[in-house]
Amino acid sequence: MVAVFAILSASTATAHPHVWITYTAKIRMQGATISAITENWRFTEGFPVMLVGIDHLPIDGPVGPAQTGIFRQQAFSSLAPADYFNHLLVDGESQHFAEPSDFSVSVKNGRIEYTFTLRLVKPVAVAGRRVQFGVWDESFYVDYEPGMDVAVSLDGGAAPTCRIRTFADQRHSIFYGTVVPQATAIIC
């Protein structure tokens, strides 16, 4: 028993996030149907600049098209197989996203920010279904934290009967069950 605890403790002690991202998401709806999600990811200072090897960025403001292309190619597009760490579950089934659109990169207070839109491959009707959304990396290499203001919101196209409820998603805990991601139920 002591040996099992020692092995588990050693593996837990060596694994931890290497990237920290604060995110916000706007659920894009047409009535009671989700069509896309627009997100903003704000990285810890210095990342992912070191990953893509860009040595000059604006102090504040948008990054130029050439540099945006480098970020997209070298630090963003590889996340496609993981659906960009977005989890939209409808009655427990994962939904998938098309190629991101409106991808942009900017610098705010020394930190890189990505903004992009993920359109659903197939729009999802919410009424009468269990729908939840969250952003997390199951490997816990990247730690996603919800924004300080409203992390997830509905856009103006949502039916007036639709609402959201934030909760700790115990069913999808990560990092050996020690980290519980925040998720949002979407109810119409």
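Some notes on this structure:
- Residues (of a type outside the set (G, A, S), part of a loop (DSSP other than H, G, I, E, B) and crowded, with 18+ Cβ neighbours inside 10 Å) located in region 141-173: C162, D169
- When region 174-187 is filtered for residues that are assigned to a loop (DSSP other than H, G, I, E, B), touching a strand residue (DSSP E or B) at 6+ places or on another chain (Cβ under 8 Å) and more than 19 Å from T44 (Cα to Cα), only V180 remains.
- The listed residues are Y114, Y176, and the only one of them that is at pLDDT below 90 and touching a helix residue (DSSP H, G or I) at 6+ places or on another chain (Cβ under 8 Å) turns out to be Y176.
- Meets criteria (surrounded by 15 or more Cβ atoms within 10 Å (Cβ to Cβ), farther than 23 Å from M29 by Cα and in contact with a Lys or Arg (Cβ under 9 Å, 6 or more places away or on another chain)) for I112: yes
- Residue, farthest from T22 (Cα to Cα), within region 175-184, restricted to residues that are within 15 Å of the chain's Cα centre (by Cα) and among the hydrophobic types (A, V, I, L, M, F, W, C): V180
- Filtering region 121-140 to residues that are hydrophobic (A, V, I, L, M, F, W, C), surrounded by fewer than 15 Cβ atoms within 10 Å (Cβ to Cβ) and assigned to a loop (DSSP other than H, G, I, E, B) leaves only A127.
Conditions tested, residue by residue: (1) on the phi > 0 side of the Ramachandran plot; (2) β-branched (V, I, T).
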{"site": "V105", "(1), (2)": "no, yes"}
{"site": "I112", "(1), (2)": "no, yes"}
{"site": "R119", "(1), (2)": "no, no"}
{"site": "A125", "(1), (2)": "no, no"}
{"site": "G128", "(1), (2)": "yes, no"}
{"site": "D137", "(1), (2)": "no, no"}
{"site": "V142", "(1), (2)": "no, yes"}
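- Test for P62: is it in contact (Cβ under 8 Å) with a residue 24 or more places away in the chain and either among the hydrophobic types (A, V, I, L, M, F, W, C) or in contact with a Gly (Cβ under 9 Å, 6 or more places away or on another chain) (or both): no
The values are calculated or read from the model by the stated rules, or taken from the named source; none is laboratory data. Given the structure is predicted, the values throughout are model-derived calculations rather than measurements. For neighbour counting, all protein chains shown are included, and Cβ atoms are generated from backbone atoms with ideal geometry for every residue, glycine included.
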